[in-house]
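This report concerns only the one structure given below.
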Amino acid sequence: MDELTLDQAIEAEILGTLAEYKARAADGKLTVDDLWAVAAEAFSGVVTIGRLFFDDEDLRPALIAAVERSYDRWIEPLDLPGPDSLLDPMLRSIAREVVGRIYDRLAAA
Ligand SMILES: [Ca+2]
Ligand SMILES: [Ca+2]
């Protein structure tokens, strides 16, 4: 799998997660736990795909890089509720960290 294909898999999951987020937010029942569960489920699908194409030691950095590219493409352009100049770097950093942690948890399972 080249980087573009991994990005496409991640982007498809991000779009699916956003759709799920919107559906749940429309119900007024969205919680942070819900969002986390949706994102973790989506990401585990991406890891499964990535494992087909990367060795374990290459997959973690490949996923983190792909998530950064996806953030820049899909999330950064959004106007977040608050000062984007602060929020975007913070969320991007959190995304890196979360992806690494989810990967480690899946890898240990
Ligand atoms: Ca933004
Ligand atoms: Ca804003």
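The values are calculated or read from the model by the stated rules, or taken from the named source; none is laboratory data. Only a predicted model underlies this, so the values are computations on that prediction, with no experimental measurement involved. Cβ coordinates were reconstructed from backbone atoms using ideal geometry, including for glycine residues, and neighbour counts include every protein chain displayed.
Brief remarks follow.
- Residue check, Glu20 part of a helix (DSSP H, G or I), surrounded by fewer than 11 Cβ atoms within 10 Å (Cβ to Cβ) and more than 16 Å from ligand 1 (Cβ to nearest atom): no
- The single residue among Glu68, Glu41 that is surrounded by 15 or more Cβ atoms within 10 Å (Cβ to Cβ), more than 16 Å from ligand 2 (Cβ to nearest atom), within 17 Å of Ile14 (Cβ to Cβ) and of a type in the set (D, E, K, R) turns out to be Glu68.
- Unmet requirement for Ala42, which otherwise passes all of (1) closer than 20 Å to Ala19 by Cβ; (2) within 16 Å of ligand 1 (Cβ to nearest atom): (2)
Residue-by-condition table, conditions (1) among the small types (Gly, Ala, Ser); (2) modelled with pLDDT of 75 or more:
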residue: Ile14; (1), (2): no, no
residue: Asp34; (1), (2): no, no
residue: Gly45; (1), (2): yes, yes
residue: Leu80; (1), (2): no, yes
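- Residue match in the range 87-99 (condition: within 16 Å of Arg51 (Cβ to Cβ) and assigned to a helix (DSSP H, G or I)): yes
- Extreme residue, nearest to ligand 2 (Cβ to nearest atom), among residues of the range 50-65 that are in a loop (DSSP other than H, G, I, E, B) and exposed (fewer than 15 other Cβ atoms within 10 Å of the Cβ): Phe53
- On inspection, Leu15 does not qualify as touching a residue at least 60 places away in the same chain (Cβ under 8 Å), surrounded by 12 or more Cβ atoms within 10 Å (Cβ to Cβ) and away from ligand 1 (no atom under 16 Å from the Cβ).
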